[in-house]
Amino acid sequence: RRVLAFERTALGEARKLFATSGNVAERLRASTGLEAEIMPHPPAPLAYRCDAYDDFILSVNRLDRAKRIDLLLEAAAAEPGLRVVIAGDGPDRERLEQIARDRGLNGRAEFTGRISDEQLADLYARCLGVYYAPVDEDFGMVPFEAFLSQKPVLTTTDAGGPLDVVHDGKTGLVVAPSVDELARACAWLRGHTDEA
């Protein structure tokens, strides 16, 4: 309570408050009663471009459980022929690689680890779409990076901040956080590259 009162007082003295997303602004409003204007920060300066809509879904994340990359792997297992490329590293990598092996995704799930900016820009340029569905995320740069590469984003109804910019059927696909829903969305995207 003491910390909350201090935050309310200190932040209340500011002439203007900004939050990176509607999700963060809502948390501030709920905890302090203060209103913040949404002002997202800019994406990384990569060589964004669109070269193709290849047959893989790209995931760009720190590999930890909150990012729900396991949901994408399970969707790939449920959707024959779906390929995924997972760029990033983190504490959940070993478990995720085990899921890929257990589900028989050898050859259909590629873990790149950490990659250079040039390699990341190349993956964005060639992917069919970008998966970004963390649980209740504050903001996330990945959707903006995908959009700068002219790629749709696959996310979930409980992703939080990404829902400020990922709109179902317009800038990507928003589905329930279930394997079946995500698998269907990936399959739809594969069959509708023109819409992508």
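The values are calculated or read from the model by the stated rules, or taken from the named source; none is laboratory data. Only a predicted model underlies this, so the values are computations on that prediction, with no experimental measurement involved. A quick note on method: Cβ atoms are made from the backbone with ideal geometry, for glycine too, and the neighbour counts reach across all protein chains shown. Accessible surface areas use protein heavy atoms only, side chains included; no ligands, DNA or RNA. Shrake-Rupley method; radii C 1.70, N 1.55, O 1.52, S 1.80 Å.
List the residues whose amide H sits under 5 Å from the amide H of residue 173, counting only those 5 or more places along or on another chain, with H placed 1.01 Å from N in the peptide plane.
It is 153, 154, 155, by chain and number.
Can you pull the semi-axes for region 130-196, root of five times each eigenvalue of the Cα gyration tensor, sorted largest first, whole Å?
17, 15, 8
If you build the Cα gyration tensor of the chain and take the root of 5 times each eigenvalue, what three semi-axes come out, in whole angstrom, biggest first?
Working: eigenvalues 209, 66, 50 Å².
One finds semi-axes of 32, 18, 16 Å for the chain.
Determine the dipole magnitude for region 101-168: charges of +1 sit on the beta-carbon of Lys and Arg, -1 on that of Asp and Glu, nothing else is charged, the reference point is the Cα centre, and the result goes in debye to the nearest 20.
Rounded to the nearest 20 debye, it is 440 debye.
Tell me, what does the Kirkwood hydrodynamic radius of region 72-166 come to in angstroms if you use every pair of distinct C-alpha atoms?
14.2 Å
For a quick check, take a GNM of the chain with Cα springs below 10 Å and name the residue from 97, 74, 37 with the largest mean-square fluctuation.
37
Give the aspartates and glutamates reachable from residue 67 as a straight Cα distance under 13 Å; neighbours fewer than 8 places away on the same chain don't count.
In chain and number order, the partners are 89, 92, 136, 137, 138, 158.
For 151, 170, 67, write out the residues from largest to smallest accessible area, computed with a 1.4 angstrom probe and no ligands counted.
The residues order as 170, 67, 151, largest area first.
Helix-only estimate, please: 222 nm mean residue ellipticity of the chain, summing -39500 (n - 2.57) across DSSP H runs of length 4 or more and dividing by its residues, to the nearest 500.
About -11000 deg cm²/dmol.
Just the accessible area per residue of the chain, please: how many Å² with a 1.4 Å probe? Don't skip to the answer; put the middle values down first.
Details: 9960 Å² over 196 residues.
Using a 1.4 Å probe on heavy atoms only, each residue of the chain averages 51 Å².
Give the residue from 193, 42, 81 lying farthest towards the positive end of the charge dipole for the chain; charges sit on Cβ (+1 for Lys and Arg, -1 for Asp and Glu) and the dipole is referred to the Cα centre.
The Cα lying farthest towards the positive end belongs to 42.
Relative contact order (percent) for the chain, with alpha-carbon contacts under 8 angstrom and 6 or more residues of separation?
Rounded, it is 23 percent for the chain.
Report, to the nearest whole %, how much of the accessible area of region 73-172 belongs to carbon and sulfur atoms, 1.4 Å probe, protein only.
Accessible surface attributable to carbon and sulfur in region 73-172 totals 45 percent.
What are the aspartates and glutamates whose alpha-carbon lies under 14 Å from the alpha-carbon of residue 151, with same-chain residues fewer than 8 places away excluded?
Straight-line reach from residue 151, under 14 Å: 51, 54, 55, 122, 168, 194, 195.
Give me, ordered by chain and number, the residues 5 or more places off residue 139 or on other chains with an amide H under 5 Å from its own placed amide H.
So residue 139 has HN proximity to 161.
For residue 18, what residues show an amide H to amide H distance below 5 Å, using hydrogens built from the backbone and excluding near sequence neighbours?
37
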